[in-house]
Amino acid sequence: MDRLTLEAPAKLNLFLHVTGRRADGYHELQSVFQFVDLCDRVELSLADRIERPEGLPGLDPEQDLVVRAARLLQQETGIQAGAVIRVRKQIPDGGGLGGGSSDAAAVLMGLNQLWSTGLSRAELAQLGLQLGADVPVFVHGTAAWAEGVGELLQAVELDEPWYFILHPGVHVSTPAVFKHPELTRNTPPITIRAFRSGAGKNDLTDVACKLRPEVGEALEWLAGFAPAKMTGSGACVFAAFDSRAQAESLLTQLPQASWRGFVARGLNRSPVCRVLDCE
Ligand code: C5P
């Protein structure tokens, strides 16, 4: 095998609590991650060196998370092989949907296969954590209850509803949210059972709305149709619907030209695991 194409899914945080702050400044979280079938396509082919021929103009390829993922695996394993990496983006960047992290995870998993480097899923997840707190769940490949900074993962089975995801056309800086003096950092831990009974909100919401009022406007509009939440540190907000038609009916009702809507199915298993063994 000398090439692989992987569908790297977006994620939603069905809730996100900040339960503490570590000495290194990172925050202890509780969250539930579920994937959705809004995917970037990651194409990998064996080559002599690591190349990203179609990266973002102006972005140093060495800063590109997919290139960093490939280099990290190369260094970790001492492998001499390279790869050409192409990413067809569908997931909007910086919206709390984890697109960059998912692409990086797909590169780690895909190159582990193409290069026959034989790292276990747990070893890949640990490597992924060096690239970002959201990378391990994508390597894990299942919807998960998450603790720590997002690396302590336990698979969960959830309903797989249709989601309407709304991007309000603004960018929220994740470090700015986590650094904000008004962020709630001491939410008492909850149990999975409490989450299943409806507990859980996104503790980053108030600060994100303060930094970008458009997030609050999007939440308010979406809440007129169904209970709405923000994912990650925003800016995207989402709501669950029983049918695709219900979710799609919102696409034509968006009140602002700068807003973008996406309809996607919730997934308990990453589409990457249809191609690669995720056990
Ligand atoms: O790991 P990631 O690149 O997603 O994190 C971006 C920033 O968000 C970090 O630099 C940190 O400031 C903040 N963060 C945090 N606690 C987490 C995750 C992220 O403080 N658990």
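The values are calculated or read from the model by the stated rules, or taken from the named source; none is laboratory data. Since the model is a prediction, treat every value here as computed from it, not as a measurement. Cβ placement follows ideal geometry from the backbone for every residue including glycine, while neighbour counts extend to all protein chains displayed. Areas reflect the complete protein model, heavy atoms only, side chains present, ligands, DNA and RNA absent. Shrake-Rupley method; radii C 1.70, N 1.55, O 1.52, S 1.80 Å.
Structure above, values below:
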{"read-out": "Within the chain, helix-based [θ] at 222 nm, where runs of 4 or more DSSP H residues each add -39,500 (n - 2.57), nearest 500", "value": "-8000 deg cm²/dmol"}
{"read-out": "Antiparallel bridges, percent of DSSP beta bridges restricted to the chain (to nearest 5)", "value": "95 percent"}
{"read-out": "Gyration tensor (alpha-carbon) shape descriptor, the range 1-115, a/c threshold 1.5", "value": "prolate"}
{"read-out": "Spin-label pair M1/R269, simplified geometry with 7 Å Cα→Cβ offset, distance in nm", "value": "1.6 nm"}
{"read-out": "Using alpha-carbon coordinates, inclination of helix 99-114 to the longest axis of the chain, degrees", "value": "30 degrees"}
{"read-out": "Förster radius 25 Å - calculated FRET efficiency between N186 and L152 (Cβ-Cβ, nearest 0.05)", "value": "0.85"}
{"read-out": "Heavy-atom accessible surface of the range 1-113: percent carbon and sulfur, 1.4 Å", "value": "43 percent"}
{"read-out": "Projected area averaged over orientations for the range 136-258, convex hull of C-alpha atoms, nm²", "value": "8.4 nm²"}
{"read-out": "In the chain, lysine pairs closer than 15 Å at Cα, eight or more apart or cross-chain", "value": "4"}
{"read-out": "Calculated over the range 67-116: convex hull of Cα atoms, volume per residue (Å³)", "value": "73 Å³"}
{"read-out": "Karplus (6.51, -1.76, 1.60) ³J(HN,Hα), θ = phi - 60°, over the range 11-20, in Hz, Gly and Pro reported as x", "value": "10, 10, 9, 6, 7, 8, 10, 9, 9, x"}
{"read-out": "From phi via Karplus (6.51, -1.76, 1.60), per-residue ³J(HN,Hα) for the range 172-182 in Hz, x at Gly/Pro", "value": "10, 7, 4, x, 5, 5, 5, 7, 4, x, 8"}
{"read-out": "Contact order normalised by residue count of the range 150-279, Cα under 8 Å, 6+ apart, percent", "value": "41 percent"}
{"read-out": "A83 long-range amide H proximity, modeled H, under 5 Å", "value": "A47, R49, I50, E51"}
{"read-out": "Long-range amide H partners of G148 with built H, under 5 Å", "value": "L29"}
{"read-out": "Taking all pairs of distinct alpha-carbon atoms in the range 186-279, Kirkwood radius in angstrom", "value": "15.5 Å"}
{"read-out": "Three semi-axes of the equivalent ellipsoid, the range 1-57, Cα gyration tensor, whole Å, largest first", "value": "33, 18, 11"}
{"read-out": "Distant-in-sequence amide H partners of T117 (H built 1.01 Å from N, under 5 Å)", "value": "none"}
{"read-out": "The range 18-88 versus the range 206-279: alpha-carbon centroid distance in Å", "value": "24 Å"}
{"read-out": "Within a Gaussian network of the chain (alpha carbon springs, distance under 10 Å), most fluctuating of L129, L97, L152", "value": "L152"}
{"read-out": "Spherically averaged projected area in nm², based on the convex hull that wraps the Cα atoms of the chain", "value": "14.6 nm²"}
